[in-house]
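Step one of this worksheet: look at the structure below.
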């Protein structure tokens, strides 16, 4: 065989070997079940963010992770966003779910186990007078986000043993596209601590307002 043909064949052989070596050293796609996901809390209040984090086993920096979300009372997932892995294969993502949701993360064909996050409505409570006279009627009012028009909330008073008793149950009324409102006048006969509660339902956990103390003068 002429020398130039021998050299050409040698060069081709080296090129093939290098290509195979390069392909073997390339990052392998993550295997099914190799992606993890966890949430920073099991429950958040409406409008608050939830931090999601996880790891793609064996991944290096720059692997795209798709985060999907579905409502707890639905079986259909929708896109929530994407994240990318760091040099250790870790990733993080922040979201503000409007209702109780279930998340999963997918990298390649590797899907994480589902992670559930409950969302409680944001309940507000204001009182017209925190130092009423005995027998005075005081207005309790507030808002609930997101909107829950027609649902009843419970205005509660704390008992001496720490338990709560419902004293009024006003119905939420329309206050715009993003929230509902309530208002109720209550006769106050003694000092006490109050709160407002909206019960858990299909797409939200129980929501509880801040406590308000009234001191009868």
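Assorted remarks:
- Of residues in the range 179-193 being under 33 Å from the mean Cα position of the chain (by Cα) and in a strand (DSSP E or B), the one nearest to residue 146 (Cα to Cα): 180
- You will find that of 113, 132, the residue that is in a loop (DSSP other than H, G, I, E, B) and either modelled with pLDDT under 95 or assigned by TED's automatic domain parsing to the domain that holds residue 180 (or both) is 132 and no other.
- Residues of the range 137-154 that turn out to be closer than 20 Å to residue 211 by Cβ and in a loop (DSSP other than H, G, I, E, B), as a count: 1
- Those strands (runs of 3 or more DSSP E) lying entirely in the range 55-103 with at least 3 residues in the same structural domain as residue 41 (by TED's automatic domain parsing) and within 14 Å of residue 203 (Cβ to Cβ): 64-71
- Scope the range 194-217; condition farther than 29 Å from residue 74 by Cα and surrounded by 14 or more Cβ atoms within 10 Å (Cβ to Cβ); matching residues: 194, 195, 212, 214, 216
- The residue list 162, 176, 199 contains one member that is more than 24 Å from residue 99 (Cα to Cα) and either assigned by TED's automatic domain parsing to the domain that holds residue 130 or over 28 Å from the mean Cα position of the chain (by Cα) (or both), which is 162.
- Qualifying positions in the range 91-110 - crowded, with 18+ Cβ neighbours inside 10 Å and more than 16 Å from the chain's Cα centre (by Cα): 91, 106, 107, 108, 110
- Checked against the criterion of being assigned to a strand (DSSP E or B), farther than 29 Å from residue 70 by Cβ and touching a strand residue (DSSP E or B) at 6+ places or on another chain (Cβ under 6 Å), the range 116-128 has at least one qualifying residue.
The values are calculated or read from the model by the stated rules, or taken from the named source; none is laboratory data. Quick caveat, the model's predicted, so the values are computed rather than measured. Positions of Cβ are backbone-derived with ideal geometry, glycine not excepted, and every protein chain shown enters the neighbour counts.
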